[in-house]
Amino acid sequence: MLNRSVPSFFHSKATSERPFCADCEAPMMLSCLEPDKPGFDLRTYACLMCAATESIVVPVSPASR
C-alpha cells in the first residue's frame, strides 16, 4: 500500500498536498482553481493516468489572495 494522504471535503485548513486518485492511486494535478464562497477556493484536481477528477473546497488566508 502506498503511503499517502487522502484528501477530504473540509473547511478547517488548507492543504498544499496533491491528492492521489481514488481510482488508480496516481498523484493528481491541480487543473482548476476558482473562488467559492467568501474565504474559500474550489480546487479541481485531475488524474493524468485515468482522467478522473476530484474537487475540494479549501479555506484561503487573506495573505494568499
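The values are calculated or read from the model by the stated rules, or taken from the named source; none is laboratory data. Since the structure is predicted, the reported quantities are computational estimates derived from the model, not experimental observations. Cβ sites come from the backbone with ideal geometry, for glycine too, and all protein chains shown count toward neighbours. Side chains are part of the model used for accessible areas, which takes the heavy atoms of the whole protein and leaves out ligands, DNA and RNA. Shrake-Rupley method; radii C 1.70, N 1.55, O 1.52, S 1.80 Å.
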### Query
Could you give every pair whose Cβ atoms fall below 8 Å, whose first residue belongs to region 30-43 and is assigned to a loop (DSSP other than H, G, I, E, B), and whose second residue is surrounded by 14 or more Cβ atoms within 10 Å (Cβ to Cβ), counting only separations of at least 6 or pairs across chains?
D36/L42; G39/P59; G39/V60
### Message
Can you find, within region 31-65, the residue that is modelled with the lowest pLDDT among those that are open to solvent by 90 Å² or more (accessible area, probe 1.4 Å) and not charged (D, E, K, R)?
### Response
A63
#### Entry: Some residue of region 3-23 being loosely packed, with under 14 Cβ neighbours inside 10 Å, modelled with pLDDT of 90 or more and not hydrophobic (A, V, I, L, M, F, W, C)
yes
